[in-house]
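Peer 1: Before we start, here is the structure in question, set down as structure tokens.
The values are calculated or read from the model by the stated rules, or taken from the named source; none is laboratory data. Please read these numbers as outputs of a predicted model, since none were measured by experiment. Heads up, the Cβs are rebuilt from the backbone with ideal geometry, glycines too, and the neighbour counts pull from every protein chain shown. Note: areas computed on protein heavy atoms with side chains; ligands, DNA, RNA excluded. Shrake-Rupley method; radii C 1.70, N 1.55, O 1.52, S 1.80 Å.
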Amino acid sequence: MAKINSNYAKLAAGYLFPEINKRVSAFASANPGVNVYRLGIGNTTEAIPAHILSGLSFGAEKLGKRETYSGYGDEQGDKRLREAIANYYLDVDAKIAPNEVFVSDGAKCDSANIQSIFSRDNVIAVQDPAYPVYIDTNVIAGRTGKFDSKSGQYEGIIYMPCTEEEGFIPNVSSFRIKTGEKFHGLRINLKADLIYLCSPNNPTGAVMNRKSLENFVQYARENKSVIIFDAAYSWYVKDPDLPKSIYQIEGANECAIEIQSFSKLAGFTGVRLGWAVVPMALAVKNSKPGQLNGMWNRRQTTFFNGASNIAQEGGLYVLSPEGRSECGGLVNYYMNNAGIIRKGLESMGIKVYGEDNAPYVWMKNPNGMKSWDFFDKMLKEARVVTTPGAGFGPSGEGYTRLSAFGHTERVQEAVESIKKNLERTW
Ligand code: MLT
């Protein structure tokens, strides 16, 4: 008799973005013809620049000739692209070998799947608020207890509150280690085994500095924990003193996996391309160096047939000097939008964060309004779709995320609509 995975029943709500779409569709059907501005999901809108596009076209053209046609490629990725990615790390003063790079169809899949190479009794630690994929996939994998609607937390997860007072940066010492607590009957003292970090952060836009990353690397090395570092937004870091990769921190290759994406860099959200780095030096309590790299290789060769060869050809063009300069133009475009959103909100006396080194603006709701209430207010009064902070975790309650991905003229109109139509209760 087949049985369902009962862990799905533990999930507190539907996945955040489809949930938002449901509410927006209900609003649209109740208000036909009303124009809605979308500053919710971080979805790119600008055309792929010419040189990068020529890489994608070249990839497609190669498939049209017998001499250059290719079918399945290496599951780990095209050798040339793995080398180009390893070279990218030299630009940020980090050393990664091509055989430590695994090309994928995007950072979301890697963030979701990477937990599968770790034992079910590992305790995970997440930033609060955080990208929901980290938690939901661990819930599905059976690595948590039940959801507690009072605290907004799952049993067995260590939440690292990223608060306004702490600049939305997680602090190793803020781990809520619940000594004596039972977890699945498996262990008594909770120590973080898998630590998810995202910097620049989605949703808050906060960037961890060198010191805070060093503290995490030190903790991970001392405890034989693994940091899963999501660097998908690193391309937006302007401040040269802020790290763009965890591997800029000494010793990180012994304790960290990094996940990267072409989506927000080159407008590849629909093309689908990313990578994960699993260093040879990475080892945990019951593994040898190289073993986790081999396990991820085993996982990918079993579950995945490699990223699209067209997308990978495009990826090579993205990482060329011309492609990198085109990407710089895209990044500046979206960062200009972020500035427009910030200025507009500030002019209304709203407190905003993020934005300097990330394509998200994180705002504090006026009058301590609850996230979903403010989401409804923005939608009904200003016709602007946002993302409620509470959707990213309990510490996101009372905040709202606005995405800077959009056509500038639409972003401007959205901001004008907020200024004109949002009823001020503060
Ligand atoms: C977001 O809006 O948080 C992201 O665009 C979602 C994603 O990258 O999957």
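Peer 1: Given Ser320, Gly274, Gly294, which one lies farthest toward the positive end of the charge dipole of the chain, if we put +1 on the Cβ of every Lys and Arg and -1 on the Cβ of every Asp and Glu?
Peer 2: Of Ser320, Gly274, Gly294, it is Gly294.
Peer 1: Something else now. Could you give the length gained on full extension between Glu346 and Leu11, defined as 0.36 nm per residue of separation minus the Cα-Cα distance, in nm?
Peer 2: 117.0 nm
Peer 1: Could you tell me the accessible area of Arg210 in Å² (1.4 Å probe, neighbours in place), rounded to the nearest ten?
Peer 2: So the heavy atoms of Arg210 present about 100 Å² to solvent.
Peer 1: Let me ask something else. Round to a whole angstrom and tell me the spacing of the C-alpha centers of the range 70-123 and the range 224-238.
Peer 2: Between the Cα centres of the range 70-123 and the range 224-238 lies a distance of 13 Å.
Peer 1: Could you give each residue of the range 368-383 its phi-based ³J(HN,Hα) in whole Hz, using Karplus coefficients 6.51, -1.76, 1.60 with θ = phi - 60°, and x for Gly or Pro?
Peer 2: x, 4, 5, 4, 6, 5, 5, 4, 5, 4, 4, 5, 6, 8, 9, 6
Peer 1: Protein chains only, probe 1.4 Å: how do Glu413, Glu258, Glu165 rank by accessible area, largest first?
Peer 2: Details: Glu413 75, Glu258 0, Glu165 155 Å².
Correct descending sequence by accessible area is Glu165, Glu413, Glu258.
Peer 1: Figure the gain on full extension for Lys224 and Ser57 (residue separation times 0.36 nm, minus the Cα-Cα span) and round it to one decimal in nm. List each step's numbers first, then the result.
Peer 2: Details: separation 167, 0.36 × 167 = 60.12 nm, distance 4.51 nm.
Roughly 55.6 nm would be gained on extension.
Peer 1: Treat every Asp and Glu Cβ in the chain as -1 and every Lys and Arg Cβ as +1, leave all other atoms uncharged, and give the resulting dipole magnitude about the Cα centre to the nearest 20 debye. Working shown, then result.
Peer 2: Details: 48 positive and 45 negative charges, 217 e Å.
In debye, rounded to 20, the chain gives about 1040.
Peer 1: Given H placed 1.01 Å from N in the peptide plane, which residues other than close sequence neighbours of Tyr37 have an amide H under 5 Å from its amide H?
Peer 2: Correct list: Val384, Val385.
Peer 1: Explain nothing, just the number: relative contact order of the chain, from Cα pairs under 8 Å at least 6 residues apart, as a whole percent.
Peer 2: Numbers: 840 pairs, mean separation 95.1, N = 426.
Here the relative contact order equals 22 percent.
Peer 1: If you rank Phe304, Phe216 by how much accessible surface each has, with a 1.4 Å probe, what is the order from largest down?
Peer 2: Working: Phe304 35, Phe216 0 Å².
Sorted by accessible area, descending: Phe304, Phe216.
Peer 1: Return the long-range amide H neighbours of Asp128 (sequence gap of 5 or more, or a different chain), with a cut-off of under 5 Å between placed amide H atoms.
Peer 2: Result for Asp128 returns Met160, Cys162.
Peer 1: Additional query: Give the accessible area for Arg38 in Å² (nearest 10); use a 1.4 Å probe, count only protein heavy atoms, and leave out ligands, DNA and RNA.
Peer 2: Using a 1.4 Å probe on the heavy atoms, I get roughly 150 Å².
Peer 1: Heavy atoms of the protein only, probe of 1.4 Å, neighbouring chains included. What is the accessible area of His407 in Å², nearest 10?
Peer 2: Probe radius 1.4 Å; accessible area of His407 about 70 Å².
Peer 1: If you don't mind, another one. Calculate the FRET efficiency for Asn99 and Arg424 from the Cβ-Cβ distance with a Förster distance of 45 Å, rounded to the nearest 0.05.
Peer 2: Details: r = 57 Å, r/R0 = 1.27.
Approximately 0.20, to the nearest 0.05.
Peer 1: With all protein chains present, how much of the accessible area of the chain (probe radius 1.4 Å) comes from carbon and sulfur, to the nearest whole percent? The partial results should precede the final answer.
Peer 2: Details: 9240 of 18360 Å².
C and S fraction of accessible area: 50 percent.
Peer 1: Tell me which residues come under 5 Å, amide H to amide H, from Asn122 once H is placed; ignore anything under 5 positions away on its chain.
Peer 2: The answer is none.
Peer 1: Suppose accessible area is computed on protein heavy atoms with a 1.4 Å probe; arrange Trp275, Trp426 from highest to lowest. Intermediate values should be presented prior to the final figure.
Peer 2: Values: Trp275 0, Trp426 90 Å².
The ordering from most to least exposed comes out as Trp426, Trp275.
Peer 1: Given an 8 Å cut-off on Cα distances and at least 6 residues of separation, report the relative contact order of the range 79-320 as a percent.
Peer 2: Working: 443 pairs, mean separation 53.6, N = 242.
Answer for the range 79-320 is 22 percent.
Peer 1: Hey, another quick one. Take the alpha carbon gyration tensor of the range 275-426, find the square roots of its eigenvalues, order them as a ≥ b ≥ c, and report rounded if a/c is under 1.5; if not, report prolate when a/b exceeds b/c, else oblate.
Peer 2: Values: a/c = 2.90, a/b = 1.77, b/c = 1.64.
Prolate.
Peer 1: To the nearest 0.05, how large is the calculated FRET efficiency for Asp373 and Asn87 if R₀ is 41 Å and r is the Cβ-Cβ distance? Don't skip to the answer; put the middle values down first.
Peer 2: Numbers: r = 49 Å, r/R0 = 1.18.
Once the sixth-power term is evaluated, E becomes 0.25.
Peer 1: Under a Cβ-only charge scheme (Lys and Arg +1, Asp and Glu -1), can you give me the dipole magnitude of the range 79-320 about the Cα centre, in debye to the nearest 20?
Peer 2: Numbers: 26 positive and 25 negative charges, 153 e Å.
Dipole of the range 79-320, to the nearest 20 debye: 740 debye.
Peer 1: May I pose another question? Which percentage, to the nearest 5, of the DSSP beta bridges contained in the chain is antiparallel?
Peer 2: Values: 21 of 39 bridges.
Among the beta bridges of the chain, antiparallel pairing accounts for roughly 55 percent.
Peer 1: Quick one: 3J(HN,Hα) in Hz for the range 61-74, Karplus 6.51/-1.76/1.60 with θ = phi - 60°, rounded, Gly and Pro as x.
Peer 2: Once rounded to whole Hz, the list reads 4, 4, 6, x, 10, 4, 5, 10, 4, 9, x, 4, x, 5.
Peer 1: Using θ = phi - 60° and the Karplus curve 6.51 cos²θ - 1.76 cosθ + 1.60, what whole-Hz ³J(HN,Hα) does each residue of the range 222-227 get, with Gly and Pro shown as x?
Peer 2: My calculation for the range 222-227 gives 5, 9, 6, 8, 10, 8 Hz in order.
Peer 1: Still on this structure, I have one more. Calculate, for the chain, the solvent-accessible area per residue in square angstrom, rolling a 1.4 angstrom probe over the heavy atoms of the protein chains.
Peer 2: Values: 18360 Å² over 426 residues.
For the chain, the solvent-accessible area averages 43 Å² per residue.
Peer 1: Name the residue farthest towards the positive end of the dipole of the range 79-320 from the options Gly251, Val101, Ala206, assuming +1 on Cβ of Lys and Arg, -1 on Cβ of Asp and Glu, about the Cα centre.
Peer 2: The Cα lying farthest towards the positive end belongs to Val101.
Peer 1: Could you give the length gained by full extension between Phe303 and Asn31, i.e. 0.36 nm per residue of separation minus their alpha carbon distance, to one decimal place? Present the calculation step by step, with values, prior to reporting the outcome.
Peer 2: On the way: separation 272, 0.36 × 272 = 97.92 nm, distance 4.39 nm.
That works out to 93.5 nm of additional length.
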